[in-house]
Amino acid sequence: MSLAGFQRALSALVMSPALRAEMAALPEQELPARFVGLELTERERRRLHALARDAGMKVTTLLHRANRLSMLTNTLPRTSEAMAHPKLQPLVQRYWREHPPTSVMYVREARRFAGFLLGLLRSGELVHPPLAELLEAELALLELGKSGLAMPAAPEVPPEGAALEQARPRLGPWCHVLPFRMEPRMLLRSGGAITLPENLPDEERYLLLTSVSPGQVVPSGLEVMRGRVLRASTGEHSVAWLRAELGCPSSLFLELAREGLLLLGPAQ
Amino acid sequence: MSQRRARLGVGLSYQGSLREFVREHLEAYDFLEVIPDIFWTEEHGPDGALRFRENPEGLRLLDWVAARRPLVAHSVGMSLGSAEGGFSPDYVAQLARWQRRYHFAWLSEHLSFTRLPHGPGEHMDLGVMLPVPYDEDTLELLAGRVAQVRQAVDAPFLLENNVFYYQLPEQELSEPAFLKRLGERTGSGLLLDLHNLHTNARNHGFSPLDFLEALDLSQVVELHIAGGYEWEGFYLDAHSGACPEPVWELLEQVLPRLPNLGGVVFEMFGNYAPLLGTDILLGELRRLRGVLERHGGRP
């Protein structure tokens, strides 16, 4: 069906002003090399030539790009802001070039973009620890916000004595803890414009994300030992094992459970 | 297939940034228009079929509103005009499931394409509604698709006139003639977006009144109004705030000529709502109610 070829060509012209310029410079009977192989009628060829010269195509391109951009600025706002830095901006162009838009699903596009950046960071192609921490934190914030989970108003009553020692603590699913050496407030949309630091302090710091109600996630800093305990509480080891390993008192587990951050009861 | 039509009145187009507004200002609107696509994430399963992961928080809100106000659905992901690889029976089936859950008074979609094939089991989504050529073979393609939707989803189905910024030459039919023919052929209704019409008329220099004359206005079930702004010599259908006066004038002129109108919806994109505040939204909805009342109350 030639309409299929026409739609592919039209879409390519919408996405690429450079392709439009290339086509506009060609005589009416010729097509850009990229369109060779597309089944097109003579009328469709004439239409494409007219479109390549139509000023309204730039508006269509603007809308296409604005929609792509808004998917990221709405889901990963602080990362998007950081990517505006001249050193990072070419990566956004590369992402758009190498990953054509497959969806208008904001969260899916955010995961896809985050996957692209994390791939570069993990492979060492991009070395930028502040960006890596910001991206991981903002992605976790997004996922927690979309989970629909919220910290219960009344945390579970934790076991005490021998039962506490044998309990296998787990982080509440409404929380997320991750290493983060910048100011947690920077994750708030109202936190003002951000410029990422060149380097991060060589010290241990943690970020706690708490979903206080469905869709509302609050970031806050964590004292180091609380961060270590929460990070280590995967349900795999007992309190007795963890406190020996981490060098912390049992009371810290009770405290975190009473705050609703840790679950000490049997896994459901 | 049911073609019942509700008379709903003043509608508001829902955006995520309006989640508090819709709860706090129930009195401001008679019905809520929702884009189902913003309440789920599409994923491809191992068999290549589309899966829809629904957002529980969004469903809670919809359940709350549905208990208090009628809902209509305005989908953006059908890509009715895709020649290949965009229109998905899985997507239509998901809309049918939602129809059974929310009993939408009607379902609407754009007369456009947004999706193209992109690798095995994948598609590319341009995120912008591109108009289809108003030719006989496109009419054939769309008629088949509309029939599939009407067969699957037990609700009146409306098609929306598109906004376009470029001119496609050598089309066999005018836009109103195409809309009229498609409605006659398929039994679908028309969602007449007056701001799209205003935008096209202004950018391409034609009379919106001539356009209205050429339509079969008995097909119109829903109207959209919205705001926009100028950018580099073009007027944009940006849904960016208050509805401009020429669109209010078009509304006043067309309302008495729509025997089957079910409701009028004010649209504003979510990004603008927090910037402009709720007063502007309340003001537009109040003004819309006043216009409808002057023309005999709820349509």
Discussion item. With the requirement that a residue be modelled with pLDDT under 95, out of contact with any Leu (no Cβ under 9 Å at 6 or more places or on another chain), in a loop (DSSP other than H, G, I, E, B) and not polar (S, T, N, Q), what does segment B:6-37 give you?
Written reply: B:ALA6, B:LEU8
Worksheet item: Is it true that some residue in segment A:98-109 is out of contact with any helix residue (DSSP H, G or I) (no Cβ under 8 Å at 6 or more places or on another chain), within 26 Å of A:VAL217 (Cβ to Cβ) and modelled with pLDDT of 90 or more?
Response: no
Worksheet entry | Leading residue by the ranking (farthest from the other protein chains (Cβ to nearest Cβ)) among those in segment B:195-212 that are surrounded by fewer than 16 Cβ atoms within 10 Å (Cβ to Cβ) and touching a residue at least 12 places away in the same chain (Cβ under 8 Å) | B:LEU209
Fill in: A:ARG68 in a helix (DSSP H, G or I), at pLDDT 95 or above, crowded, with 17+ Cβ neighbours inside 10 Å and out of contact with any Ser or Thr (no Cβ under 7 Å at 6 or more places or on another chain)
no
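Every residue in segment B:213-249 that is within 14 Å of another protein chain (Cβ to nearest Cβ) and of a type outside the set (D, E, K, R), please. Reasoning before the result, please.
Keep residues of segment B:213-249 that are within 14 Å of another protein chain (Cβ to nearest Cβ), which gives B:228-240.
Within segment B:213-249, B:GLY228, B:TYR229, B:TRP231, B:GLY233, B:PHE234, B:TYR235, B:LEU236, B:ALA238, B:HIS239, B:SER240 meet the criteria.
Checking the structure you have, find out if any residue of segment B:85-92 is at negative phi and within 9 Å of chain A (Cβ to nearest Cβ). Break it down into steps so the answer makes sense when it comes.
Residues of segment B:85-92 that are at negative phi, as a first pass: B:86-92.
Retained after the next criterion (residues that are within 9 Å of chain A (Cβ to nearest Cβ)): B:86.
The answer is yes; a qualifying residue exists.
Could we say that A:GLU44 is closer than 23 Å to B:HIS123 by Cβ, of a type outside the set (A, V, I, L, M), assigned to a helix (DSSP H, G or I) and in contact with a helix residue (DSSP H, G or I) (Cβ under 7 Å, 6 or more places away or on another chain) here?
Working: closer than 23 Å to B:HIS123 by Cβ: yes; of a type outside the set (A, V, I, L, M): yes; assigned to a helix (DSSP H, G or I): yes; in contact with a helix residue (DSSP H, G or I) (Cβ under 7 Å, 6 or more places away or on another chain): yes.
It is true that A:GLU44 is closer than 23 Å to B:HIS123 by Cβ, of a type outside the set (A, V, I, L, M), assigned to a helix (DSSP H, G or I) and in contact with a helix residue (DSSP H, G or I) (Cβ under 7 Å, 6 or more places away or on another chain).
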Worksheet item: Exactly one of (1) away from chain B (no Cβ under 13 Å); (2) over 30 Å from A:ARG185 (Cβ atoms); (3) polar (S, T, N, Q) is unmet by A:THR79. Its number?
Response: (2)
Worksheet item: Does segment B:233-248 hold any residues that are over 17 Å from the mean Cα position of the chain (by Cα) and hydroxyl-bearing (Ser, Thr, Tyr), and which are they?
Response: B:TYR235
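Any residue that is among the aliphatic types (A, V, I, L, M) and in contact with a strand residue (DSSP E or B) (Cβ under 6 Å, 6 or more places away or on another chain) - is there at least one of those in segment B:160-170? Please lay out each step first, then the result.
Restricting attention to segment B:160-170, the residues satisfying the condition of being among the aliphatic types (A, V, I, L, M) are B:163, B:168.
Next, only the ones that are in contact with a strand residue (DSSP E or B) (Cβ under 6 Å, 6 or more places away or on another chain) stay: none.
Checked against the condition, which is being among the aliphatic types (A, V, I, L, M) and in contact with a strand residue (DSSP E or B) (Cβ under 6 Å, 6 or more places away or on another chain), segment B:160-170 yields no hits at all.
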Worksheet entry | For B:SER218: the one exception among (1) without any contact (Cβ under 8 Å) to a residue 40 or more places away in the chain; (2) more than 21 Å from B:GLU284 (Cβ to Cβ) | (1)
Worksheet entry | Test: residue in segment B:203-224 that is in contact with a helix residue (DSSP H, G or I) (Cβ under 9 Å, 6 or more places away or on another chain) and closer than 22 Å to B:GLY16 by Cα | yes
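Determine whether A:SER251 is among the hydroxyl-bearing types (Ser, Thr, Tyr) and surrounded by fewer than 20 Cβ atoms within 10 Å (Cβ to Cβ). Don't jump to the end; show me each part of the working.
Details: among the hydroxyl-bearing types (Ser, Thr, Tyr): yes; surrounded by fewer than 20 Cβ atoms within 10 Å (Cβ to Cβ): yes.
The answer is yes for A:SER251.
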Practice prompt. State all residues of segment A:1-38 that are more than 13 Å from chain B (Cβ to nearest Cβ), of a type outside the set (A, V, I, L, M, F, W, C) and either on the phi > 0 side of the Ramachandran plot or not in a helix (DSSP H, G or I) (or both); if no residue qualifies, say none.
Written response: A:PRO27, A:GLN29, A:GLU30, A:PRO32, A:GLY37
Worksheet item: If you check B:LEU59 against the conditions, is it facing chain A (nearest Cβ under 9 Å) and touching a helix residue (DSSP H, G or I) at 6+ places or on another chain (Cβ under 6 Å)?
Response: no
Worksheet, complete the sentence: By residue number, the members of segment B:117-155 that are among the polar types (S, T, N, Q) and either within 19 Å of the chain's Cα centre (by Cα) or closer than 30 Å to B:GLN167 by Cβ (or both) are B:THR138, B:GLN148
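Here is a yes/no grid of residues against (1) more than 14 Å from B:ALA28 (Cβ to Cβ); (2) in contact with a Cys (Cβ under 8 Å, 6 or more places away or on another chain); (3) of a type in the set (A, V, I, L, M, F, W, C):
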{"position": "B:GLU249", "(1), (2), (3)": "yes, no, no"}
{"position": "B:GLU252", "(1), (2), (3)": "yes, no, no"}
{"position": "B:LEU258", "(1), (2), (3)": "yes, no, yes"}
{"position": "B:GLY262", "(1), (2), (3)": "yes, no, no"}
{"position": "B:PRO274", "(1), (2), (3)": "yes, no, no"}
{"position": "B:ASP279", "(1), (2), (3)": "no, no, no"}
{"position": "B:LEU282", "(1), (2), (3)": "no, no, yes"}
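Pick from A:GLY145, A:GLY119, A:GLY115: which is among the small types (Gly, Ala, Ser), touching a helix residue (DSSP H, G or I) at 6+ places or on another chain (Cβ under 9 Å) and not assigned by TED's automatic domain parsing to the domain that holds A:TYR206?
Numbers: A:GLY119 fails: touching a helix residue (DSSP H, G or I) at 6+ places or on another chain (Cβ under 9 Å); A:GLY115 fails: touching a helix residue (DSSP H, G or I) at 6+ places or on another chain (Cβ under 9 Å).
From the options A:GLY145, A:GLY119, A:GLY115, the qualifying one is A:GLY145.
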Worksheet entry | Total residues in segment A:107-138, condition under 26 Å from B:TRP40 (Cα atoms), touching a Phe, Trp or Tyr at 6+ places or on another chain (Cβ under 7 Å) and crowded, with 19+ Cβ neighbours inside 10 Å | 2
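Every residue in segment B:223-233 that is surrounded by fewer than 18 Cβ atoms within 10 Å (Cβ to Cβ) and part of a strand (DSSP E or B), please. Even if it seems obvious, please write down each step before you answer.
If we filter segment B:223-233 for residues that are surrounded by fewer than 18 Cβ atoms within 10 Å (Cβ to Cβ), which is where we start, we get B:229-233.
Selection gives B:TYR229, B:GLU230, B:TRP231.
Identify the residue in segment B:145-179 that is polar (S, T, N, Q) and within 20 Å of B:MET129 (Cα to Cα) and, among all such residues, is surrounded by the most Cβ atoms within 10 Å (Cβ to Cβ).
Filtering segment B:145-179 down to residues polar (S, T, N, Q) leaves B:148, B:151, B:161-162, B:167, B:171, B:174.
Right, trim to within 20 Å of B:MET129 (Cα to Cα) and you get B:161-162, B:167, B:171, B:174.
Details: B:ASN161: 24, B:ASN162: 19, B:GLN167: 14, B:GLN171: 18, B:SER174: 14.
Among those residues, the one meeting the criterion is B:ASN161.
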Worksheet entry | Number of the exception - A:LYS87 against (1) surrounded by fewer than 17 Cβ atoms within 10 Å (Cβ to Cβ); (2) within 13 Å of chain B (Cβ to nearest Cβ); (3) not in a helix (DSSP H, G or I) | (2)
Worksheet item: For segment B:46-125, which fully contained strands (runs of 3 or more DSSP E) count at least 1 residues that are among the hydrophobic types (A, V, I, L, M, F, W, C) and crowded, with 23+ Cβ neighbours inside 10 Å?
Response: B:71-74, B:107-110, B:112-117
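The values are calculated or read from the model by the stated rules, or taken from the named source; none is laboratory data. All of these numbers come straight from a predicted model, not from anything done at the bench. When we count neighbours, we look across all protein chains shown, and the Cβ atoms used for this are built from the backbone with ideal geometry, even at glycine.
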